[in-house]
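Below is one structure, written out as structure tokens; the observations come after it.
The values are calculated or read from the model by the stated rules, or taken from the named source; none is laboratory data. These figures come from a predicted structure and were not determined experimentally. Here the Cβ is made from the backbone with ideal geometry for all residues, glycine too, and neighbour counts use every protein chain on show. Calculation scope for accessible area: heavy atoms of the full protein, side chains included, ligands and nucleic acids excluded. Shrake-Rupley method; radii C 1.70, N 1.55, O 1.52, S 1.80 Å.
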Amino acid sequence: MGPYATAYERSLGDPARFWAEAARDIRWRTPPERILDDGAAPYYRWFTGGELNTCENALDRHVEQGRADQPALIYDSPVTGTQRIFTYRELRDETALFAGVLRDLGVERGDRVIIYLPMIPQAVIAMLACARIGAVHSVVFGGFAPRELAVRVDDARPKVVVTASCGMEGGRVIEYKPLLDDALERASHKVGRCVVVQRPQAAATLLRPRDLDWDEAMAEARPADCVPVAATDPLYILYTSGTTGRPKGVVRDNGGHAVALRWSMSNVYDIGPGEVFWAASDVGWVVGHSYIVYAPLLTGCTTVLYEGKPVGTPNAGAFWRVAAEHRVNALFTAPTAIRAIKKEDPEGRLLKPYDLPALRTLFLAGERLDPDTYHWAARVLGRPVIDHWWQTETGWPIAANLRGLEPMTIKAGSPTVAVPGYDVRVLLPDGSVAPPGGEGDIAIRLPLPPGTLPTLWNDDERYVEAYLSQYPGHYLTGDGGSIDEDGYLWVMGRTDDVINVAGHRLSTGAMEEVLCAHPAVAEAAVVGVRDTLKGQVPRGFVVLKSGTEVDEPRLRGELVLAVREQVGPVASFKEVAVVPALPKTRSGKILRGTMRGIADGDDVPTPSTIEDPAVLDRIRPILRPPAAASGYKD
Ligand code: COA
Ligand code: AMP
């Protein structure tokens, strides 16, 4: 057996032993009493009885062990023309000071802090500062609208919110503070204090005494020490889109998270201490949490924080410039970013000035990697391009080509094999395992490995209902697909109402709620249709209340604006059409899958479960993409 097969078998055969070994790479204040605690199954816990501090493992430990002067964080911001390097000592000191600010604001172990910041070093410092004092951070992505932020404030009930005067979107300045003020007004939970980073590009109005200036607060603060917390204590909550408009608060613990992420750096990403890792994502997403902040720092790497886009800041050579300048060893981004680069620079001319001697691998995740994009990236880069599959809930890869353990043959379109710790199965509706190549629901047999979600914030019931109830003893990933005869996984896409727009996970349910709130709309369906750049984009279809006379172009404009204002610009909701009726099953379920297929330009037969086939016939021409539509096939 090769190293992968051996590790995989050990991880499933004796998970406690496997993860106890991995846990040796983490510094514990108190060693765990139990590695895998199944006492309250299906709520499994890892490393119970153990105590540690994640920030100590990410910063202080490296300062003490000879990395004090090594760069920990490289901030590269083409949108502001700024670069700054923080050594491990500097990052530890800034973090300890901000932890002191939070402590002086009354933040204690277990309290929540919402971080609504753009891609600036203060975002990383604020996250680590929370970890340092045992507080629980919840980072909210800047592209969400105030209403979405308010929903998160009400669910997480933070003591403090950390924000900035603005973010930079390409060349535009987006003021964050008015968005936050609006959100806090909408929220029922009252936030005591806000800390605001004043950026030179915009000055925020501070509402004193509630609001504090970051720099002023830091100038007066005293550093705070690391507080040991239980391995099972929450490190953060990250809200992600579910099938309804109410986001799911994915909880991450401290112990399992540190162990799993550290293990993944060596075994999946083939990256060791002292190397440079760059995840070109955003701290507001799980990729940013795991692979901009925690995993590289837990490993003693240098991480790159890039405030810019793959194109337009200033051009499609931006990624190659950053990779060359900072001697990046591994780059991780979403396929969308590569498609954007390919569109502007199809021959890869902007790559030519750089030879990237340090770059070993390009990792892609966040959405399906279409073979076209894979082949293009592999050709222009001349390096392994590694697709891997995971989700906010798991926090680290479920399926990958494990570059550090045993590199495998690449099959374009497949994220390769199940990662040790994950017992991945394709299940059929009756709960049986699909034969090789057979399509079904991708599920993971419990227990999930360390680092994955132990539950949803304040909602154990929803955790069980959403993930564990369909196939008892299994976690439902929400993705459909198959496993071939070589054990390679093929992920075909979500089987629920979640869509993936430019690598951003969004709920069509949330958009439908906004559309339905319009006084002229009786019902609505939003589906994700194929898009050459963003993978998928949402398209809305509304049925008007009977007897309603509307100016259709005006209505469409109002609906597009409503989604932008209430979900956020990140939804990229630009298209909506009026239809006479929505196709439904006899039990009243909207046939979104059928609508999506037709909208993608596929030849979709009328399903046998349809209540009224005439409805589908009537709306087919409206659903169908225009001749010049951008739907792509691979
Ligand atoms: N704050 C405020 N607004 C934001 C934002 C933020 N943090 N992030 C995005 N937005 C806005 C954008 O300005 C844009 O607004 P617009 O409609 O006024 O133009 C909208 O949300 C959509 O943004 P985006 O999805 O980024 O699309 P884009 O057209 O600006 O850029 C890409 C297209 C492909 C370059 C971009 O989507 C990209 O870099 N994708 C990679 C995704 C990624 O890294 N995902 C992380 C998972 S690994
Ligand atoms: P998120 O929680 O935002 O990371 O989104 C997770 C979802 O993105 C998954 O459930 C998949 O639908 C999709 N996804 C992520 N990575 C991949 C991949 N490599 N291949 C196919 N789909 C992916």
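Table: residues versus (1) within 11 Å of ligand 1 (Cβ to nearest atom); (2) open to solvent by 10 Å² or more (accessible area, probe 1.4 Å); (3) not acidic (D, E).
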site: P296; (1), (2), (3): no, no, yes
site: K309; (1), (2), (3): yes, yes, yes
site: G312; (1), (2), (3): yes, yes, yes
site: R321; (1), (2), (3): no, yes, yes
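Step by step: first the residues of segment 398-433, then only those that are among the β-branched types (V, I, T) and surrounded by fewer than 24 Cβ atoms within 10 Å (Cβ to Cβ), then the one that is farthest from ligand 1 (Cβ to nearest atom). Which residue is that? It would help to see each step written out before you state the result.
Quick first cut of segment 398-433, residues among the β-branched types (V, I, T) only: 398, 409-410, 416-417, 419, 424, 426, 433.
When the remaining residues are screened for being surrounded by fewer than 24 Cβ atoms within 10 Å (Cβ to Cβ), the result is 409-410, 417, 424, 426, 433.
Values: T409: 25, I410: 20, V417: 21, V424: 21, V426: 24, V433: 30 Å.
The selected residue is V433.
Kindly check whether there is at least one residue in segment 93-105 that is in the same structural domain as D215 (by TED's automatic domain parsing), part of a strand (DSSP E or B) and of a type in the set (V, I, T).
Narrowing segment 93-105 to residues in the same structural domain as D215 (by TED's automatic domain parsing): 93-105.
Of the ones still in play, those that are also part of a strand (DSSP E or B) are none.
No, that holds for no residue.
Just to be sure, is V567 within 16 Å of ligand 2 (Cβ to nearest atom) and crowded, with 20+ Cβ neighbours inside 10 Å?
Values: within 16 Å of ligand 2 (Cβ to nearest atom): yes; crowded, with 20+ Cβ neighbours inside 10 Å: yes.
When the stated conditions are applied, V567 passes them.
Which of the residues belonging to segment 337-393 are within 14 Å of ligand 1 (Cβ to nearest atom), out of contact with any Leu (no Cβ under 7 Å at 6 or more places or on another chain) and hydroxyl-bearing (S, T, Y)?
Correct list: T373 only.
Would you mind finding the one in I115, I74 that is outside any loop (DSSP other than H, G, I, E, B), crowded, with 24+ Cβ neighbours inside 10 Å and at negative phi? Before you say what the answer is, go through the steps one by one.
Working: I74 fails: crowded, with 24+ Cβ neighbours inside 10 Å.
When all the criteria are applied, what remains is I115.
Tally time: how many residues in segment 453-485 are within 16 Å of ligand 2 (Cβ to nearest atom), polar (S, T, N, Q) and surrounded by fewer than 17 Cβ atoms within 10 Å (Cβ to Cβ)?
Residues flagged as within 16 Å of ligand 2 (Cβ to nearest atom), polar (S, T, N, Q) and surrounded by fewer than 17 Cβ atoms within 10 Å (Cβ to Cβ) within segment 453-485 amount to 1.
Could you list all residues from segment 573-596 that are surrounded by fewer than 18 Cβ atoms within 10 Å (Cβ to Cβ) and either within 32 Å of the chain's Cα centre (by Cα) or part of a loop (DSSP other than H, G, I, E, B) (or both)?
Correct list: K574, E575, A577, P580, A581, R586, S587, G588, K589, G593.
For V537, are the conditions met, namely being modelled with pLDDT of 95 or more and more than 16 Å from ligand 2 (Cβ to nearest atom)? Full working, then the answer.
Values: modelled with pLDDT of 95 or more: yes; more than 16 Å from ligand 2 (Cβ to nearest atom): no.
It is false that V537 is modelled with pLDDT of 95 or more and more than 16 Å from ligand 2 (Cβ to nearest atom).
Suppose we filter R208, R246, R172 for residues that are within 16 Å of ligand 1 (Cβ to nearest atom) and surrounded by fewer than 23 Cβ atoms within 10 Å (Cβ to Cβ); which single one remains? Break it down stepwise before answering.
Working: R208 fails: within 16 Å of ligand 1 (Cβ to nearest atom); R246 fails: within 16 Å of ligand 1 (Cβ to nearest atom).
Going through R208, R246, R172 in turn, the sole match is R172.
What's the number of the condition E512 fails, among (1) more than 15 Å from ligand 1 (Cβ to nearest atom); (2) surrounded by fewer than 23 Cβ atoms within 10 Å (Cβ to Cβ)?
(2)
Is there a residue in segment 611-631 that is within 16 Å of ligand 1 (Cβ to nearest atom) and crowded, with 20+ Cβ neighbours inside 10 Å? Step through it out loud before you land on a result.
First, pick out the residues of segment 611-631 that are within 16 Å of ligand 1 (Cβ to nearest atom): 630.
Next cut, crowded, with 20+ Cβ neighbours inside 10 Å only: none.
No, every residue in segment 611-631 fails to be within 16 Å of ligand 1 (Cβ to nearest atom) and crowded, with 20+ Cβ neighbours inside 10 Å.
Could you grab me the full set of residues in segment 267-294 that are open to solvent by 10 Å² or more (accessible area, probe 1.4 Å), in contact (Cβ under 8 Å) with a residue 60 or more places away in the chain and either within 16 Å of ligand 2 (Cβ to nearest atom) or aromatic (F, W, Y) (or both)? Break it down into steps so the answer makes sense when it comes.
Start the filter on segment 267-294 by keeping residues that are open to solvent by 10 Å² or more (accessible area, probe 1.4 Å), which leaves 267, 270, 272-276, 280-282, 285-287.
Retained after the next criterion (residues that are in contact (Cβ under 8 Å) with a residue 60 or more places away in the chain): 267, 270, 273-274, 276, 281-282, 285-287.
Passing the criteria: S281, D282, W285, V286, V287.
Determine whether R368 is touching a strand residue (DSSP E or B) at 6+ places or on another chain (Cβ under 9 Å), within 16 Å of ligand 2 (Cβ to nearest atom), part of a loop (DSSP other than H, G, I, E, B) and open to solvent by 50 Å² or more (accessible area, probe 1.4 Å).
Values: touching a strand residue (DSSP E or B) at 6+ places or on another chain (Cβ under 9 Å): yes; within 16 Å of ligand 2 (Cβ to nearest atom): yes; part of a loop (DSSP other than H, G, I, E, B): yes; open to solvent by 50 Å² or more (accessible area, probe 1.4 Å): yes.
Criteria met by R368.
What are the residues in segment 133-176 that are under 25 Å from A203 (Cβ atoms) and polar (S, T, N, Q), if any?
Hits for segment 133-176 are T163, S165.
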